[in-house]
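Single-structure report; data block below.
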Amino acid sequence: MGGAPLFSTDGVRGRANVDLTPEVAVALARAAADGRQGTALVGRDTRRSGQMLAAGLHAGFHASGFDTIDLGILPVGAVSYLTASTRSAYGVMVSAGHHPAEDNGIRFFGPDGARLPAERERALAERYRHGSPWVGAAGADVGIQLGMPDALERYLNHLAGKARYSLRGMSVSLDCANGAAFLAAPTLFARLGADVAAHAAEPTGMNINEECGAMHPGFLAGRSSGRLGLAFDGDGGRLIAVDEDGVPADGDVVMAVLARHLHLRDELPGGLVVATAASSLGFRLALRTLGLQLVETGVGECGVLEELRRRGAGLGGEPSGHIVFGGEPAGDGLLTARRLLEAMAATGAPLKELRRVMVEFPRALRNIPVRVRERLPDAAPLWAAVAAMEKRLGDTGRVLVRAADTEQVVRVMVEAPTAVEAAGVAEELAVLVRRELGSGSAEPG
């Protein structure tokens with residue numbers, strides 16, 4: 001997979017059977033199992049390539065003496081929970097999250113159900129790059145594949161068993177992204193008593209995230225008909241809500257609503273909320289108004305989880321809809337959705353009212369393909385312009401410029417009092433990014 005870092009903020013990803021091949025899956029599993037003993041759980045989303053890559057993982061683990069348990073199609077939160085509840089050596093999710101069907105990915109979890117710490121990932125990557133000779137197994141020591149027929153039921157019982165409120169009388173529309181949540185989400189919320197309308201719940205293997213899911217909240221906004229909308233991504237890890245008026249509520253809005261709810265219940269230890277540099281000005285001001293402290297960390301769920309644990313905080317997340325609760329090993333969009341519905345049930349208020357806890361400033365986003373994103377820290381004229389823009393906007397706006405984790409792309413985000421001003425500042429900075437770092441291919445839509 002080239003010379004780029006093997007693990008990104010979302011695991012190992014690439015074009016299925018081009019960058020991420022069965023041979024890569026076999027080698028990753030052998031690297032993970034090398035010199036260890038135990039069992040690995042393997043789950044996947046609905047991508048056509050998922051079976052192929054899962055088969056490679058099973059084979060690699062078996063060759064190294066690991067037994068595996070095939071979980072089939074389940075949300076990433078289920079893989080995390082089942083890994084922890086069985087104390088398996090590894091859980092592995094085969095998914096590229098919100099990416100299109102042609103892509104896929106592999107994400108490893110440890111025995112606690114959390115993503116492997118950075119040092120474990122680095123060690124795994126080093127073993128993978130070093131390659132054979134691997135520690136092998138023969139005869140009776142070769143691993144075998146087992147099943148867990150009740151995997152979905154165990155996961156649903158876990159989520160439903162911790163629910164504090166019945167959802168009877170609540171009407172929800174679900175956008176399952178034709179992904180891993182296509183069965184789990186409708187089953188869960190119907191079991192909790194909600195009147196459920198499910199959309200994008202007919203996966204074909206190639207329609208995952210296709211103009212639907214958390215990246216396309218407009219799909220659900222046009223179909224929710226006054227209901228609360230809950231949109232997941234391909235692996236079920238993200239949640240983007242759509243209020244009863246059809247207005248999307250991103251992860252910052254959902255976190256603000258949950259922060260207020262948990263704070264009033266005295267369930268936010270230390271009054272701390274963990275978020276990333278990408279979180280909005282409106283979210284930051286909402287926390288300040290609530291008397292809560294924002295702890296900022298790097299972009300990515302892994303960094304949020306690490307800081308959450310280090311600080312003993314009760315809530316953290318990203319605008320993308322990845323939200324993590326204290327005491328949980330990983331983010332889970334279905335859990336987030338359940339907690340949001342519980343906040344509504346506790347107050348008797350719809351989301352369109354609860355979201356008023358946060359003032360949302362107009363935002364402009366630009367993803368700018370460049371030739372050399374690595375030169376971003378040294379682009380002095382760009383950073384001088386950013387400082388000038390920040391001074392001009394003051395407390396009524398915000399500017400964030402950062403390099404993408406795995407693409408030759410620089411992301412520019414601007415918040416301002418008006419949409420016109422936000423777009424104008426974003427475009428000025430985009431021009432400087434192209435001038436300083438070189439223009440790449442056409443910007444994605």
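If eta is 1.002 mPa s and T is 20 °C, what Stokes-Einstein diffusion coefficient results for the range 271-314, Kirkwood Rh from Cα pairs, in µm²/s?
Stokes-Einstein gives a translational diffusion coefficient of 204 µm²/s.
Ordering THR347, THR289 by how much accessible area each has at a 1.4 Å probe, largest first, what is the list?
Result of the area sort, largest leading: THR289, THR347.
Rank VAL357, VAL420 by accessible area, highest first, at a 1.4 Å probe radius?
These residues rank, largest area first, as VAL420, VAL357.
Starting from the exponent 0.38 and prefactor 2.2 Å, build the expected Rg for the chain from its residue count and divide its actual Cα Rg by it.
In units of the globular-protein estimate, the chain measures up at 0.98.
Post the alpha-carbon centroid distance, the range 278-321 to the range 384-414, in whole angstrom.
19 Å
About the Cα centre of the range 246-329, how large is the charge dipole given +1 on each Lys and Arg Cβ and -1 on each Asp and Glu Cβ? Please answer in debye to the nearest 20.
In total the dipole reaches around 260 debye.
Go ahead and estimate [θ] at 222 nm for the chain from helices alone: -39,500 (n - 2.57) per DSSP H run with n ≥ 4, summed, over the residue count, rounded to 500.
For the chain, the value works out to -11000 deg cm²/dmol.
Step through the residues of the range 188-194 one at a time and calculate ³J(HN,Hα) from phi using the Karplus curve (6.51 cos²θ - 1.76 cosθ + 1.60, θ = phi - 60°), rounding each to whole Hz and writing x for Gly and Pro.
4, 6, 5, 4, 7, x, 6
Suppose every Lys and Arg Cβ carries +1 and every Asp and Glu Cβ carries -1, with no other charges. What dipole size does the chain come out with about its Cα centre, to the nearest 20 debye?
Charge dipole, the chain, about its Cα centre: 540 debye, nearest 20.
On the protein heavy atoms, probe 1.4 angstrom, tell me the percent of accessible surface of the range 1-101 carried by carbon and sulfur.
46 percent
For a quick check of understanding: with a 1.4 angstrom probe and all protein chains in place, what accessible area in square angstrom does GLU23 have, to the nearest ten?
Roll a 1.4 Å probe over it and GLU23 shows about 130 Å².
Report for the range 193-308 the percent antiparallel among DSSP-assigned beta bridges with both residues inside it, nearest 5.
Antiparallel bridges: around 55 percent, rounded to the nearest 5.
Mind ranking LYS352, LYS391 by accessible surface for me, highest first, 1.4 Å probe?
From most accessible down to least: LYS391, LYS352.
Note down the accessible area of THR187, probe 1.4 Å, to the nearest 10 Å².
My reading of the accessible area for THR187 is about 50 Å².
Between the range 50-73 and the range 117-158, what is the separation of their alpha carbon centroids in Å?
So the two Cα centres are separated by 7 Å.
For the range 86-197, take every pair of Cα atoms, bin their distances at 10 Å starting from 0, and report each bin as a whole percent.
Final binned percentages: 10, 27, 33, 20, 8, 2, 0.
State the answer as a single residue: which of GLY314, ALA40, LEU71 lies farthest towards the positive end of the charge dipole of the chain, with beta carbon charges of +1 for Lys and Arg and -1 for Asp and Glu, about the Cα centre.
Toward the positive end, the furthest listed residue is GLY314.
What are the residues whose amide H is under 5 Å from the amide H of PHE361, where those residues sit 5 or more places off or on another chain and H is modelled from the backbone?
Those lying under 5 Å, H to H, from PHE361 are GLY282.
Using +1 on the beta carbon of Lys and Arg, -1 on that of Asp and Glu, and nothing else charged, what's the dipole of the range 83-167 about the Cα centre, debye to 20?
300 debye
Out of the DSSP beta bridges found with both residues in the range 1-120, what percent are antiparallel (nearest 5)?
Percent antiparallel among DSSP bridges in the range 1-120 is about 45.
Taking amide hydrogens as modeled 1.01 Å from N in the peptide plane, which residues meet the under 5 Å criterion relative to GLY97, leaving out close sequence neighbours?
When sequence neighbours closer than 5 places are left aside, the close amide H contacts are ASP235.
Would you mind listing how long the range 192-305 runs along its three principal axes, going by Cα atoms, in whole Å with the largest first?
45, 29, 26
Putting +1 on Lys and Arg Cβ atoms and -1 on Asp and Glu Cβ atoms, find which of PHE189, LEU220, PHE232 reaches farthest to the positive end of the dipole of the range 137-256.
About the Cα centre, the residue reaching furthest to the positive side is PHE189.
If you bin the C-alpha pair distances of the range 319-411 every 10 Å from 0, what whole percents do you get?
Bins of 10 Å from zero give 12, 28, 28, 24, 8, 0 percent of pairs.
How large is the accessible surface per residue of the chain, computed with a 1.4 Å probe and reported in Å² as a whole number?
Ligands and nucleic acids excluded, the result is 40 Å² per residue.
The values are calculated or read from the model by the stated rules, or taken from the named source; none is laboratory data. Keep in mind that this is a model prediction, so the values were computed, not measured. Cβ sites come from the backbone with ideal geometry, for glycine too, and all protein chains shown count toward neighbours. For the accessible areas, the whole protein counts, side chains as well, though only heavy atoms, and no ligand, DNA or RNA atoms are used. Shrake-Rupley method; radii C 1.70, N 1.55, O 1.52, S 1.80 Å.
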